[in-house]
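A short reminder: the numbers here are calculations on the coordinates, not readings from a lab. The structure presented is a predicted model; accordingly, all values stated were derived computationally and were not measured. Please note: Cβ atoms are built from the backbone with ideal geometry, for glycine as well, and neighbour counts cover all protein chains shown.
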Amino acid sequence: MHKLHCESVDRLFKTILNLKTLDECYAYFEDLCTIKEILDMSQRLDTAILLSKGLSYQKIAEQVAVSSATIGRVSKCLNYGSGGYKKAIEQLSSLEET
């Protein structure tokens, strides 16, 4: 089993899954993470979304204000990772369509 998979991480993910509103998410993540960590995660998701739409690294760097190294890491995860970004983007797209 991968080092990431453990009781402590399971507990963390369960608490996230149990949050019901954006306000609950903001409160929890503001306590759990630094503002920079939250913003970094949101930029990675934005980067993944733009990559999935076919935007160039240059356009993404301009729009999201991330480095080409970050874009490259996100691209690698998007294309060769465990599918988390793809699933999240699909679910987000479904929510935005309704």
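Some values worked out for this structure:
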{"read-out": "Failed item in (1) loosely packed, with under 13 Cβ neighbours inside 10 Å; (2) touching a residue at least 12 places away in the same chain (Cβ under 8 Å), with residue 51 passing the rest", "value": "(1)"}
{"read-out": "Test: residue in the range 81-90 that is more than 13 Å from the chain's Cα centre (by Cα) and of a type in the set (Asp, Glu)", "value": "no"}
